[in-house]
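To start, the structure itself, in structure tokens.
What follows draws every value from the coordinates through simple rules; no lab data is involved. Remember, predicted model here, so these are calculated numbers, not experimental data. Glycine also receives a Cβ, built like all others from the backbone with ideal geometry; neighbour counts cover every protein chain displayed.
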There are 2 protein chains.
Amino acid sequence: MNADHSNAPRVVALAGGVGGARLVDGLDSVLPKDALTIVVNTGDDFVHWGLHISPDLDTVMYTLAGLAPEERGWGIEGDTFHVLAEAERRGADAWFRLGDRDLMTHLLRSRALAGGDSLTKATAKLCGGLEVMRPILPMSDSPRPTTIVTRSGDEMAFQDWLVRARAAPEVQRVEHGGPDRPTGQVIEALRSADLVVICPSNPYVSIGPILSLEGIRPILREKPTVAVSPILAGRAVKGPLSSMIAQLEGKPASAEQIATHYQDLLDGFVVHTGDAFSATFPVLESNILIQTREDRVVLARALLDFAGSLR
Amino acid sequence: MNADHSNAPRVVALAGGVGGARLVDGLDSVLPKDALTIVVNTGDDFVHWGLHISPDLDTVMYTLAGLAPEERGWGIEGDTFHVLAEAERRGADAWFRLGDRDLMTHLLRSRALAGGDSLTKATAKLCGGLEVMRPILPMSDSPRPTTIVTRSGDEMAFQDWLVRARAAPEVQRVEHGGPDRPTGQVIEALRSADLVVICPSNPYVSIGPILSLEGIRPILREKPTVAVSPILAGRAVKGPLSSMIAQLEGKPASAEQIATHYQDLLDGFVVHTGDAFSATFPVLESNILIQTREDRVVLARALLDFAGSLR
């Protein structure tokens, strides 16, 4: 297995939001057509303004469409917020910041679902409308909502906790509801993969929901699987991961902590330069701060070369 | 019965889109609280982008909220069209011009209906959000779609004909589908009315759907009923009414033609200055071109005085 385009591995990337989307963007740049499938967390999905919203699917889709903001981890670059302003004016829910262009995604998705499309099919249509050609697969066509159980015993829907409550309530545990049924397309993509990449996404609330589905872990144990650390010098690049690790594990955040979390699945692990540790599998140091397209491509190439060297 | 505020008649206005909304606006200015209920056509309602859209309810509501454009017969003054531009960009339906602020109305209505509210209740919530205090009642809580049967035999949903096809296909006949069931609130309002006003709306596609409901015509025959002509000097102020009269009746448009259409219901009729004709009921001449608030108020006062003089 190597990263040569003429004989590229078939890669399946497991991704959540912005960190995952950025690595996927790098892989998208270096892998030929048909050599990359992205499986995306839908545990964050929720209904808002009566619309079905899939935050992680959208982040990955917008990133591959070249529409994602470089800094902000959600929505479309340069979007306006006129509908949201009207919601505020009328006293309707305005805590989830839906942009005007972004809103069309949720309208089209909701209409497709109401018309009987699976989430997989609705996602393919949305990608088509944005000229995204890579297959982006929701992990499941059934709702599998992530619930945050707080230290004070409240059960909060994930977006309520993350966005409305600004991830402030301490996390006691994370639960995955609904049927643990991945789609046939996800299982098929994983079965025919030469390499599974676990993207630098939150292991509890982004990758965890995917791994919680029936049949996923057994396939990953058989396949060459490489993860990229979402922790860099003891801190998460984005989002509430550092404090979640402290609250859930009672330990400070570290790349090694992430590797321990995935240890039964890993054949290799990629950490930021200076974060290496000794493990039962090879650990690669690379720049994992991948805000720019250039850095994403460098990491994707390094990752594929590393994976190719593992056998 | 008279227009004195201390002893105002209880008025029910039957209204369609912009012409009806403008007269309602005048009545709203001169009638005290609890003395005006507006019953609105829902035959134009349709589903677009997966949302329930009620064009006539919205026109009346926006007009009473002071949000309607003075010239244009739909939407909100100064609205932006960023979501629509995104629909165009993605190749989604963009023939119905939904503004960004307007869109919030359809989102909130659709969510309320999906949550089990009746259209009557959803409308009351929307009015509350825009601080419109007058009761605006949809004629029915059940779909009662207006269909245009064209001379070439096509059956077109009303908005398809009016907006998408720009009212170009010749009209053979107008049909009202779905159950002919008014709401209990509509029947109750009409039963307790001292005066029914048929607003200057299209008699075939705005007032016709209301009159097609079971029990409405018998009440109107018992109640003092006054109509305002939507035809002025042989032409419709707005919309496709002139050509519809020619196509449906084989006659040129005239105020008298409208009176003939309603003749079994009328106790009085208001026409534009110079349009009077002799009839079996009194005919009042007044300025019925009511684009400005001032003109609306003048017509409303004249109408109420006229109605008060009929007995």
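One table, with the values for the structure above:
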read-out	value
Local net charge near A:Arg90, Cβ-Cβ under 15 Å (Lys/Arg +1, Asp/Glu -1)	-3
Net +/- balance of residues flanking B:Ile38 in space, Cβ distance below 15 Å, scoring K and R +1, D and E -1	-1
Net charge over other residues, Cβ less than 10 angstrom from the Cβ of A:Val283 (K, R count +1; D, E count -1)	-3
Partners for B:Lys223 among lysines (Cα-Cα distance below 25 Å; same-chain residues under 8 apart left out)	B:Lys33
Inter-part distance where the range A:260-311 and the range A:76-115 are each reduced to a Cα centre, Å	37
Kyte-Doolittle mean at least 1.0, axial Cα span of 30 Å or more - DSSP H helices of chain A	none
Neighbouring partner chain Cβ atoms per residue of B:126-137, average, 10 Å criterion	1
Label point 7 Å beyond Cα along the C-beta direction, distances from B:Arg97 to other copies (nm, shortest first)	3.1
Listed residues A:Arg90, A:Arg181, A:Arg151, most fluctuating in chain A (Gaussian network, C-alpha, under 10 Å)	A:Arg90
For A:Leu232, distant residues with modelled amide H under 5 Å away	A:Val237
Debye-sum result for the range A:5-308 in log10 I(q)/I(0), which assumes one identical scatterer on each alpha carbon, at q = 0.07, 0.13, 0.15 Å⁻¹	-0.24, -0.89, -1.22
Other copies of A:Glu249: label-to-label distances in nm, shortest first, labels 7 Å along the beta-carbon direction	8.1
Ellipsoid equivalent to the range B:1-105 - semi-axes via the Cα gyration tensor, in Å	33, 13, 9
Volume per residue of the C-alpha convex hull in the range A:177-223, rounded to whole Å³	72
Long-range amide H partners of A:Leu36 with built H, under 5 Å	A:Val11
Mean Cβ count within 10 Å, highest first, over the residues of peptides B:56-68, B:119-131	B:56-68, B:119-131
Other-copy label distances relative to A:Gly66, 7 angstrom Cα-Cβ extension, nm	4.7
Top of A:Arg109, A:Arg97, A:Arg134 by mean-square fluctuation, Gaussian network on chain A, Cα under 10 Å	A:Arg97
Antiparallel DSSP beta bridges within the range B:5-308, percent to nearest 5	35
Residue mean of other protein chain beta carbons inside 10 Å, A:101-109	6
log₁₀ of I(q)/I(0) at q = 0.09 Å⁻¹ - the protein assembly as shown, Debye sum with one point per alpha carbon	-0.77
All-pairs Cα distance distribution in the range B:49-148, expressed in whole percent, bin size 5 Å	2, 13, 22, 23, 20, 14, 5, 1
The range B:92-197: proportion of alpha-carbon pairs further apart than 17 angstrom, %	67
